[in-house]
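The values are calculated or read from the model by the stated rules, or taken from the named source; none is laboratory data. Since the structure is predicted, the reported quantities are computational estimates derived from the model, not experimental observations. Note that each Cβ is placed from the backbone with ideal geometry, even for glycine, and that neighbours are counted across all protein chains shown. Just so you know, the surface numbers come from the protein's heavy atoms only, side chains and all, with ligands and any DNA or RNA stripped out. Shrake-Rupley method; radii C 1.70, N 1.55, O 1.52, S 1.80 Å.
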There are 2 protein chains.
Amino acid sequence: MTTTAGEDIAHTLGLLLRRSTRTRLHARLTEGLGKAVDDLTYPVLSGLARTGPRSAADLGREVGLDRTTVSRRAGRLEQAGLLERRPDPDDRRATLLALTDDGHAVVTVTRQRLTDAVEDSLAGWPPAEARAFARLLHRFVGQGPFAAGDE
Amino acid sequence: MTTTAGEDIAHTLGLLLRRSTRTRLHARLTEGLGKAVDDLTYPVLSGLARTGPRSAADLGREVGLDRTTVSRRAGRLEQAGLLERRPDPDDRRATLLALTDDGHAVVTVTRQRLTDAVEDSLAGWPPAEARAFARLLHRFVGQGPFAAGDE
DNA sequence: GAGAGATGCGTGCCTTGAGCACGCTTATGA
DNA sequence: TCATAAGCGTGCTCAAGGCACGCATCTCTC
């Protein structure tokens, strides 16, 4: 049976986005980093790594969660020593969430593990195909049905 | 700054797998299909569509959920008329979860919407690149760090 | 400079969802 | 025929999310 490229890609994306696929990958990437780093709390770490210290409300707006939810997740990471709360020097009402050195290390390790896993799976590929795939994937995700755009 | 293909792909995958990305896509694909079809219950529908009628325990094993969890999700879909419970003709203890015609329609519509969205985003691509991307993505997901393999 | 409204955060409360344990029904095998 | 296993529903408990309230601080206007 013939399929169009769109059908084929849609089907493959379905597999990729499946919950079981994601949780397996997440478990693998964060193995041994402590139980505080789970699929709920890791986005807090990586969100802070991306932008530097900021408030729970700000981070919550980005990820679509209530600020109290972010704050409680941050609390678990704080207990694990991966994150600290510091008073905002410019606003004494505000509290900034900031990664500790250990917190940065967790993000670095996790990202490196993903990169390693990807490179392992590309090991047998002709370098030109790997680069072509990287380029096409980047373009697709940037403009595809996943781009934020409208909200 | 130069990046390897692996780094680039890993970074792009990070974006793709982000929760906000997924929930936005899910909302878009299931819009107007009734509130019973959410990100928790849809996998029940698609799981049944994939294999035909089967028990909650069986489906739960596949997706890594307790049978009671699957059964309760199925209950919501049943109330919405998307799914029905039928006695297993071969085992009077067992109950099979089976899609109704409406349930099949929901899965069909959702899949079609994903295909359409993908094809829209490929509209400006040279057909050869689209086909190449489909092929490379399929290969990557099949062998990459996402493949089940070890459990 | 002072007071009113706005903004930021923590905490209590309620709802939802997940999984476990128990009990009942039906299969299976000695 | 009876003991054991297997399947399912339901009650219970726990974790997590969001809302609302209260308090502290900021900002703007007069």
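Average projection, convex hull of the Cα set of the protein assembly as shown: 19.3 square nanometres.
Counting each pair of different Cα atoms once, what's the Kirkwood radius of segment A:15-71 in Å, rounded to one decimal?
In segment A:15-71 this quantity evaluates to 12.4 Å.
Estimated purely from DSSP H runs of n ≥ 4, each contributing -39500 (n - 2.57), the mean residue ellipticity at 222 nm for the protein assembly as shown is -19500 deg cm²/dmol once divided by its residues. Note on segment B:28-143: semi-axes of the ellipsoid equivalent to its C-alpha gyration tensor, largest first and rounded to whole Å, are 32, 17, 12. Annotation: amide H-H contacts under 5 Å for A:ARG54 (H modelled 1.01 Å from N, sequence separation of 5 or more, or interchain): A:LEU97.
When B:GLY32 is represented by a point 7 angstrom out along its Cα-to-C-beta vector, the spacings to that point in the other copies are 5.1 nm, nearest first. Checking every one of the chymotrypsin sites (Phe, Trp or Tyr not before Pro) in segment A:90-147 against DSSP loop status and a limit of 11 other Cβ atoms within 10 Å picks out no site at all. With angles folded into 0 to 90 degrees, how steeply does helix A:67-79 sit against the dominant principal axis of chain A? Use alpha carbons for both and round to 10. In chain A, helix A:67-79 runs at an angle near 80 degrees to the longest axis. Computed from backbone phi, the HN-Hα couplings of segment B:107-115 come to 5, 4, 4, 4, 5, 5, 5, 5, 4 Hz, rounded to whole numbers (Karplus: 6.51 cos²θ - 1.76 cosθ + 1.60, θ = phi - 60°; Gly and Pro given as x).
Rounded to the nearest 10 degrees, the inclination of helix B:5-17 to the longest alpha-carbon principal axis of chain B is 40 degrees.
Do any residues of segment B:95-117 lose at least 20 Å² of accessible area when the full set of protein chains is present rather than just their chain alone, and if so which, with a 1.4 Å probe? Residues passing the criterion (a loss of at least 20 Å², heavy atoms only) are B:LEU114, B:THR115. Dipole magnitude for segment A:1-109: about 300 debye, using +1 per Lys or Arg Cβ and -1 per Asp or Glu Cβ, origin at the Cα centre. Values of log10 I(q)/I(0) for segment B:1-96 across q = 0.22 Å⁻¹ run -1.12, by the Debye formula with one identical scatterer at each alpha carbon and no solvent. With a 1.4 angstrom probe, the accessible area lost at the A-B interface totals about 5100 Å².
Distances between placed amide hydrogens fall under 5 Å for B:ALA94 paired with B:ASP88, all partners being 5 or more residues away or on another chain. As a fraction of the 1.4 Å probe accessible area of the protein assembly as shown, surface on carbon and sulfur atoms comes out at 51 percent. The same position B:PRO89 in the other copies lies at 7.6 nm from this copy, comparing label points 7 Å beyond Cα toward the beta-carbon, shortest first.
Label point of B:ALA123 (7 Å along Cα→beta-carbon): distances to the other copies' equivalent points are 4.3 nm, sorted ascending.
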